[in-house]
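Novice: Structure incoming, see below.
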């Protein structure tokens with residue numbers, strides 16, 4: 001079986017600071033080369049804190065950003081065009097802020113029709129039928145179609161965003177913090193809907209979030225991003241209970257859990273390294289209690305461990 | 001559209017301008033139908049007839065032509081040229097602006113530098129140069145006026161477009177297969193049009209003036225055809241002897257430009273989203289208080305005690321009961337958590353205490369907030385101001401928004417102290433340094449001279465906490481202080497707050513939507529739903545055995561770390577809108593245990609001591625929820 005999504009050495013470097021005449025004065029590596037496989041029907045969770053490159057990665061995957069290096073293969077076929085429409089048929093995106101991802105001056109019907117018309121060239125009757133089908137599967141009433149986005153609550157707007165992604169008939173969805181703007185009680189509704197849709201349409205998800213508990217609840221595997229690199233990847237049920245990378249453990253220890261006393265998990269500064277002047281070795285070394293000389297000078301490779309996971313650490317934590 | 005017209009009509013001056021302009025435009029339109037003397041036929045025998053002469057209502061000019069006729073025909077021409085120039089300038093300018101803003105990068109640079117060069121010339125010089133090149137004539141004057149105004153539109157629209165082009169819905173449109181041209185036409189343009197209209201409505205009068213100016217100089221309309229500018233120009237030599245020849249076109253120009261400007265300002269106010277949201281209607285310094293009924297007395301239950309607080313928002317004819325009777329108390333050294341979803345009234349409750357709810361539209365309509373026995377609701381502004389930050393300090397969710405971006409954080413800390421205490425600069429500086437160290441900011445000395453944007457989110461929130469501590473307040477109200485922070489930073493900020501309340505005996509009111517945070521920090525918890533407390537008790541009691549069905553179900557919705565992949569519980573439906581609260585329990589529509597009696601009358605917050613629940617059929621154990 002071919003993988004749904006295969007990334008090989010995908011990286012992104014942004015030029016920063018402009019000199020008077022052309023040319024950038026510096027470069028920031030937002031995403032270090034990432035090699036990753038997402039299997040058909042899998043949900044891969046991606047967690048990381050702000051500035052770790054998870055949104056840059058997601059935008060590259062749907063063609064909104066051109067990768068600096070590396071390649072993206074979807075269901076075995078390479079996608080090297082920088083044309084979002086070409087990506088759009090195979091991979092779609094659900095945005096974090098449901099309201100701002102809908103054009104305030106278009107009706108929901110106009111928003112829903114665009115992918116059907118432009119990506120699949122459906123005629124009017126066919127579009128109407130398809131929209132009705134999709135709305136049914138995301139539990140939205142058809143009477144919503146002639147309203148404008150501002151008339152909806154966050155949860156409803158997010159369903160419209162999901163419906164739009166489904167309309168493109170892509171089999172892979174990038175979910176970029178799809179519930180972090182929603183209230184807890186609504187968040188669960190949307191997450192459960194996503195799980196149902198996945199089963200119904202045989203979808204593959206890339207679920208990006210900063211909320212460890214949410215990611216754990218929906219994912220099969222989880223990749224932890226730090227400073228633009230995958231530092232650990234592993235099965236969802238193990239990665240936070242038995243972390244191998246010290247950063248994963250720090251994340252797991254920091255998440256507020258009912259019944260665990262309040263402790264400061266880390267005494268040192270939590271600043272990320274300066275992206276303009278990245279450290280030569282492991283980016284986490286300055287915060288890491290286990291760091292040694294070798295960590296400060298060399299970048300640890302992502303090496304598979306005994307189980308199903310892999311960690312980029314010279315001194316991984318024991319089980 | 002109707003709402004826009006209503007908004008516009010409410011502005012009296014704009015209405016006057018609109019009526020005046022409509023009259024002028026109407027007159028100009030019907031001019032060919034009116035029984036007027038021919039405007040261009042000279043009759044030198046009748047030169048300089050004064051106004052109200054027979055056969056010439058407004059008199060005649062130096063060639064004996066009827067001024068009324070010339071005025072109306074001239075107005076017609078001036079309006080037509082002015083509007084045409086405005087439309088040409090707006091269309092070209094908007095097209096340039098949208099393209100520059102949408103494509104960005106080099107395209108933007110090249111286009112905008114060109115526009116800058118155009119702007120670098122004084123407009124009249126530029127217009128003169130254009131007319132000189134093309135030759136005099138009204139059409140060329142139109143081109144000149146339009147060209148001179150293109151940069152104004154281009155710059156305005158470009159700015160707006162840059163903002164819109166980075167919105168998520170544009171990315172979504174790309175992924176829906178839209179080409180750039182289609183995105184510009186269907187996604188960007190509809191969002192830019194209000195700005196184009198605003199810019200046009202405020203500049204059209206100016207363009208009519210510029211056209212008149214060129215005609216006045218003899219570069220616009222050519223004799224014998226009249227427009228307002230050329231009429232003025234021809235009357236110039238008789239300004240002293242026969243002033244009416246100048247006054248007639250002059251008054252018309254005044255009327256047109258005045259009415260367009262008044263109407264334009266009105267349109268701008270009605271269309272501009274920033275003005276619509278009330279950003280310019282300055283809120284009062286303290287929330288309005290209009291208490292009905294008796295004020296509940298203090299019971300001495302805590303240092304800060306809120307009794308029966310009711311806060312409403314009056315928007316148009318709707319009344320939103322954001323807070324509908326809340327009782328809270330917090331003792332020194334204690335941390336009270338208020339938990340609820342968005343719209344539950346938790347933030348409004350906290351802001352009402354110190355009169356920080358924006359008025360209009362907010363009004364405190366009942367209850368009291370006692371600080372050490374004194375009621376703060378309705379206290380004079382001077383007293384509130386002396387207490388804000390001094391006795392009761394706030395920490396807000398977004399430290400980026402609460403710190404002033406143009407001042408160094410050290411100066412902001414020092415200012416916060418000097419507002420309340422007569423401390424010298426050096427003493428305040430030393431205290432600021434100590435505060436930054438207290439909130440564990442590394443290199444505090446250097447950080448004092450940082451600007452907020454030079455700090456990370458976690459660091460900024462620490463500065464926010466340091467500022468709250470600056471005057472050694474007794475109560476801190478923290479409104480979702482860690483929601484915008486990463487988990488590792490959140491853990492640090494929480495443990496910092498916990499240390500501070502233990503070491504300084506602070507009373508903390510901690511507002512959040514996160515049960516994990518509540519569990520770790522708070523001693524007691526109040527759960528809010530639709531503006532009221534539905535359950536309160538110690539943190540342990542609530543978390544181990546929630547009694548209100550809402551609390552129980554909300555807790556079940558929260559995924560907890562360490563349980564693997566699973567289906568999550570959810571609450572069907574949405575919270576009620578607080579301007580149409582149902583009678584009885586607000587949660588009844590979403591509650592599986594609701595009975596008809598739940599919807600009938602007010603349900604009291606009942607219980608023993610501090611453990612109370614607002615429910616007729618409270619849960620008896622967690623099992624029940626799980627099943």
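FYI, it's all coordinate maths here, none of it is from the lab. Predicted, not measured: the structure shown is a model, and the values here were computed from it. A quick note on method: Cβ atoms are made from the backbone with ideal geometry, for glycine too, and the neighbour counts reach across all protein chains shown.
Novice: Taking neighbour Cβ counts within 10 Å as the exposure measure, how do B:548, B:244 sort from fewest upward?
Specialist: Listing B:548, B:244 from fewest to most nearby Cβ atoms yields B:244, B:548.
Novice: Spin-label point model (7 Å from Cα, Cβ direction): what's the residue B:406 to residue B:541 distance in nm?
Specialist: A separation of 5.2 nm, rounded to one decimal place.
Novice: Quantify how strongly other chains surround peptide A:165-176 by giving the mean number of their Cβ atoms within 10 Å of each of its Cβ atoms.
Specialist: 1
Novice: What is the diffusion coefficient of the protein assembly as shown in µm²/s, taking the Kirkwood radius over Cα pairs and the Stokes-Einstein relation at 4 °C with a viscosity of 1.567 mPa s?
Specialist: For the chosen part, D equals 40 µm²/s.
Novice: Cβ neighbours within 10 Å, averaged per peptide: list B:59-66, A:156-163 in order, most packed at the top. Each step should come with its number before you reach the end.
Specialist: Details: B:59-66: 22.0, A:156-163: 24.6.
The peptides rank, most packed first, as A:156-163, B:59-66.
Novice: Moving to a separate point now. What is chain B's relative contact order, in percent, from Cα pairs under 8 angstrom and six or more apart in sequence?
Specialist: 11
Novice: Partner chain Cβ atoms within 10 Å, averaged over the residues of A:100-110 - can you pull that number for me? Intermediate values should be presented prior to the final figure.
Specialist: Values: counts 4, 7, 4, 13, 5, 8, 6, 0, 0, 0, 1.
Mean shielding by partner chains, rounded to a whole number: 4.
Novice: If you don't mind, another one. Roughly how far apart, in whole Å, are the Cα centres of region B:302-359 and region B:1-72?
Specialist: The distance from the Cα centre of region B:302-359 to that of region B:1-72 comes to 60 Å.
Novice: Still on this structure, please answer the following. Shape verdict for region A:63-213, please, from the Cα gyration tensor: rounded (a/c under 1.5), prolate (a/b greater than b/c) or oblate.
Specialist: Oblate shape, in that a/c is at least 1.5 and b/c is the bigger or equal ratio.
Novice: Give the percent of DSSP beta bridges with both residues in chain B that are antiparallel, rounded to the nearest 5. The partial results should precede the final answer.
Specialist: Values: 32 of 53 bridges.
For chain B, the DSSP antiparallel bridge percentage is about 60.
Novice: Quick check on packing: order B:48-55, B:318-325, A:283-290, B:96-103 by the mean number of other C-beta atoms within 10 Å, highest mean leading.
Specialist: Result, highest mean first: B:96-103, B:318-325, A:283-290, B:48-55.
Novice: Of all DSSP beta bridges located in the protein assembly as shown, what percent are antiparallel, nearest 5?
Specialist: Bridges in the protein assembly as shown that DSSP calls antiparallel: roughly 60 percent.
Novice: Let me ask something else about it. Hey, got the average number of other protein chain Cβ atoms within 10 angstrom for residues in A:177-189?
Specialist: Mean partner-chain Cβ count within 10 Å for A:177-189: 6.
Novice: Ok, one more. Once you order the gyration tensor axes a ≥ b ≥ c over the Cα atoms, which shape class does region B:537-626 get: rounded for a/c under 1.5, otherwise prolate or oblate by comparing a/b with b/c?
Specialist: oblate
Novice: Additional query: With contacts defined as alpha carbon pairs under 8 Å and 6 or more residues apart, what's the relative contact order of region B:537-626 in percent?
Specialist: Normalised by residue count, the contact order of region B:537-626 is 35 percent.
Novice: Calculate I(q)/I(0) for chain B by the Debye formula, one identical point scatterer on each C-alpha and no solvent, and give its log10 at q = 0.07, 0.11 Å⁻¹ to two decimals.
Specialist: Rounded to two decimals, the profile gives -0.68, -1.10.
Novice: Using a Förster distance of 60 angstrom, determine the FRET efficiency expected from the C-beta separation of residue B:53 and residue B:316, and round it to 0.05.
Specialist: Details: r = 55 Å, r/R0 = 0.92.
The formula returns an efficiency of 0.60 here.
Novice: For chain A, just say rounded, prolate or oblate: build the C-alpha gyration tensor, square-root its eigenvalues into a ≥ b ≥ c, call rounded for a/c under 1.5, and beyond that prolate if a/b exceeds b/c, oblate if not.
Specialist: Prolate is the answer for chain A, as a/c is 1.5 or above and a/b outweighs b/c.
Novice: What's the exposure ranking of B:528, B:555, going from fewest to most Cβ atoms within 10 Å?
Specialist: Lowest to highest Cβ neighbour count: B:555, B:528.
Novice: Using only Cα atoms, find the angle between the long axis of helix B:138-165 and the longest principal axis of chain B, and express it within 0 to 90 degrees, rounded to the nearest 10.
Specialist: 10
Novice: Once every DSSP H run of n ≥ 4 in the protein assembly as shown is given -39500 (n - 2.57) and the sum is divided by its residues, what mean residue ellipticity at 222 nm do you get, rounded to the nearest 500 deg cm²/dmol? Mind dumping the intermediate values first?
Specialist: Details: 33 runs with 401 residues, N = 946.
Computed mean residue ellipticity for the protein assembly as shown: -13000 deg cm²/dmol.
Novice: Order these by the 10 Å Cβ neighbour count, fewest first: B:371, B:407.
Specialist: Listing B:371, B:407 from fewest to most nearby Cβ atoms yields B:407, B:371.
Novice: Can I ask one more? I'd like the distance between the alpha-carbon centres of region B:594-612 and region B:230-256, rounded to an integer number of Å.
Specialist: So the two Cα centres are separated by 80 Å.
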